[in-house]
1. Scan (1) within 28 Å of residue 286 (Cα to Cα); (2) crowded, with 21+ Cβ neighbours inside 10 Å for the single condition residue 231 breaks and write down its number.
2. Would you pick out the residues in the stretch 275-302 that are crowded, with 17+ Cβ neighbours inside 10 Å and under 22 Å from the mean Cα position of the chain (by Cα)?
3. Return yes when residue 293 is of a type in the set (Lys, Arg), assigned to a loop (DSSP other than H, G, I, E, B) and under 20 Å from residue 201 (Cβ atoms) and no when it is not.
4. For the stretch 194-226, enumerate the residues that are part of a strand (DSSP E or B) and without any contact (Cβ under 8 Å) to a residue 40 or more places away in the chain.
5. So which residues in the stretch 227-251 are part of a strand (DSSP E or B) and more than 18 Å from residue 273 (Cα to Cα)?
6. Do we have any residue at all in the stretch 204-215 that's closer than 20 Å to residue 244 by Cβ, outside the structural domain of residue 39 (by the TED database), surrounded by fewer than 20 Cβ atoms within 10 Å (Cβ to Cβ) and at pLDDT below 90?
7. Go through the residues of the stretch 246-253 one by one and say whether even a single one is touching a residue at least 60 places away in the same chain (Cβ under 8 Å) and in contact with a Cys (Cβ under 8 Å, 6 or more places away or on another chain).
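The values are calculated or read from the model by the stated rules, or taken from the named source; none is laboratory data. Quantities reported herein were computed from a predicted structural model and do not represent experimental measurements. Neighbour counts run over all protein chains shown; Cβ positions are idealised from the backbone, glycine included. Side chains included, ligands, DNA and RNA excluded: accessible areas come from the protein's heavy atoms. Shrake-Rupley method; radii C 1.70, N 1.55, O 1.52, S 1.80 Å.
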Amino acid sequence: MSDVNKTIQKWHASFRKGTDFDSWGQLVEAIDEYQILARQLQKEVQSTNPSDFTEDQKVHTFLRLISTPGDLMNTYIQHWCTQSQEEFKLEDLKKLEIIIKSILTYNKDFPFDVQPVPLRRILAPGEEENLEVEEEEDAATGAGSPESFPNRVPGTLLPRLPSEPRMSLLTIKIDKIGLKDAGQCIDPYMTVSVKDLSGIDLNPVQDTPVATQKEDTYIHFSVDIEIQRHIERLPKGAAIFFEFKHYKPKKGFTSTKCFAFMEMDEIKPGPIVIELYKKPTDFKRKKLQLLTKKPLYLHLHQTLHKD
């Protein structure tokens, strides 16, 4: 079996798991499955930019069908998380299963054209350093700068999960971040993720909207992040990461400037100030270097919700 088919079958199995939970009335577990799957698909879309479709065209088409803003799966998640009164049936969501099954058999003739989703280039950890070296070499030889992508406005925040008896949910308000060159950062935003000790995602990753308010050495966000798992269900050693990202127009990509993290023993109601570390983001927390010796930090406020 090809790697493509194995990948699609894995997605199919995850999708069925979510709809099974849904049909059994286990909505929290179903939402968890949908959100994790949707995020995996979104990452796959952002990591590919095919100029034309080859034998993998089915995969890219499927990804773009169900991982773009306003898609059916995300609409369904929003419906359950916000307890919307608008009618939305599980049978509607299950229609996506037909798409998944249909791409298991390759057919070069596709019924419609799917345009690539316009994205700014967002780099994987460590990739920026390689590009900077390449750019220096290009400058010496007169080569062009890295390819730039059209504008993409971040903002993938998710609503609070439904409450459960004896379980706690966490809302983190990102107040502001202190940086010596705050005023020079273009289109700054935060990526928030929850990782285990091995650096594996435990929850869907969320991006804040672009921050527009800057004052002296601070960039103000004033945005709430709803952690997508009950605190009691987070494994020992887990941590919540905050990656500060901004756009570099001369280099044509969005990169991480610094990061911060909060461990489980720091979860308590009220304000908290945490230190900033140099990139690349170290999700395993083994080689940490402070960004600056100046008193510049990430300012947060935590709210715990208990049923």
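1. (2)
2. 276, 277, 279, 280, 281, 282, 283, 298, 299, 300, 302
3. So residue 293 fails the test.
4. Residues satisfying the conditions are 213, 214, 215.
5. 245, 246, 247, 248
6. yes
7. Scanning the stretch 246-253, I find at least one residue that is touching a residue at least 60 places away in the same chain (Cβ under 8 Å) and in contact with a Cys (Cβ under 8 Å, 6 or more places away or on another chain), so the answer is yes.
Yes or no, residue by residue, for (1) within 20 Å of residue 227 (Cα to Cα); (2) open to solvent by less than 10 Å² (accessible area, probe 1.4 Å); (3) modelled with pLDDT of 75 or more; (4) of a type outside the set (Asp, Glu):
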{"site": "17", "(1), (2), (3), (4)": "no, no, yes, yes"}
{"site": "26", "(1), (2), (3), (4)": "yes, no, yes, yes"}
{"site": "33", "(1), (2), (3), (4)": "yes, no, yes, no"}
{"site": "40", "(1), (2), (3), (4)": "yes, no, no, yes"}
{"site": "49", "(1), (2), (3), (4)": "no, no, no, yes"}
{"site": "53", "(1), (2), (3), (4)": "no, no, no, yes"}
